[in-house]
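Accompanying notes for the structure given below.
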């Protein structure tokens, strides 16, 4: 028996290419949840909109951007974000690489160690921040202070880390590294397991030592996983909010305020929606610029190779 001809609607679907049809839901989601909110933020950044204000909203041009860069808190937040990323990204990547290399070996309890190092990634950052608040608790009964007193035989006095202007931001960096290193470790571990064993065998025949194999076999083969983890970590290091809002609330003296925290504070405390929108646009462009620079550097390295 011959099959009946397809219905007209099915003919249209068969005529359309499969790729665009499969990508359509993702494209619609990007347009609805990314492009549309960003376009709205750009439009609001050129107005003087205030939350709950009875006055009519007026177009003010680039005035909100000028006000943003003249705001000391926003400039401090930008500097804190840049410093946070400059410290967290390389340290977290190096630590994740070391853990991945260590856990790629065969030893008893390897699966348990992998689970333990990845476990903080599963928990929400809000819970992690509360736990580390207990670790950083002031007074001699705090976990960190008790450890320092034990190691130094009482020479180091108890510290109030989260209220110290010089120690608060490094404390949040340590918290973030501890929480996020497991994700990088898993990605790099998968990259290590994908390296062909024949490359190490050839290097051993050429009498290459472990250090030489690391720099001439392992790291070149891990280039793509390393680039991916560094890009993701860079983006996440600019999106610092939960640990700041819970642990320090931007203090002390704006020492830990970030762009996301300052933007939220501008909306809900100062009720300046237009100014907050300008801050969001500047923040987006800054993250985009850093990401493009990273991609350009990686592309140049590939061309040189």
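The values are calculated or read from the model by the stated rules, or taken from the named source; none is laboratory data. All figures in this text were calculated on a predicted structure; none of them were measured in a lab. Cβ placement follows ideal geometry from the backbone for every residue including glycine, while neighbour counts extend to all protein chains displayed.
A residue that is exposed (fewer than 12 other Cβ atoms within 10 Å of the Cβ) and in a helix (DSSP H, G or I) can be found somewhere in the stretch 69-78.
Considering each of 162, 199, 127, 188 in turn, give the residue that is out of contact with any strand residue (DSSP E or B) (no Cβ under 8 Å at 6 or more places or on another chain), without any contact (Cβ under 8 Å) to a residue 12 or more places away in the chain, in the same structural domain as residue 92 (by TED's automatic domain parsing) and surrounded by 12 or more Cβ atoms within 10 Å (Cβ to Cβ).
Values: 162 fails: without any contact (Cβ under 8 Å) to a residue 12 or more places away in the chain; 199 fails: without any contact (Cβ under 8 Å) to a residue 12 or more places away in the chain; 188 fails: without any contact (Cβ under 8 Å) to a residue 12 or more places away in the chain.
None of the other options fit; the residue is 127.
Residues in the stretch 100-141 that are farther than 25 Å from residue 240 by Cα, touching a helix residue (DSSP H, G or I) at 6+ places or on another chain (Cβ under 7 Å) and not in a helix (DSSP H, G or I): 104, 139, 140. Restricting attention to the stretch 227-268, the residues that are in contact with a helix residue (DSSP H, G or I) (Cβ under 7 Å, 6 or more places away or on another chain) and under 17 Å from residue 188 (Cα atoms) add up to 7. Screening residue 81 with (1) in contact with a helix residue (DSSP H, G or I) (Cβ under 7 Å, 6 or more places away or on another chain); (2) farther than 30 Å from residue 45 by Cα gives one miss only, at (2).
If you check 102, 62 for being surrounded by 13 or more Cβ atoms within 10 Å (Cβ to Cβ) and either within 30 Å of residue 178 (Cβ to Cβ) or without any contact (Cβ under 8 Å) to a residue 40 or more places away in the chain (or both), only one passes: 102. Screening the stretch 142-181 for residues that are outside any helix (DSSP H, G or I) and at pLDDT 90 or above and picking the one that is farthest from residue 234 (Cα to Cα) gives 160.
In this structure, does residue 286 turn out to be surrounded by fewer than 20 Cβ atoms within 10 Å (Cβ to Cβ) and part of a helix (DSSP H, G or I)? When the stated conditions are applied, residue 286 passes them.
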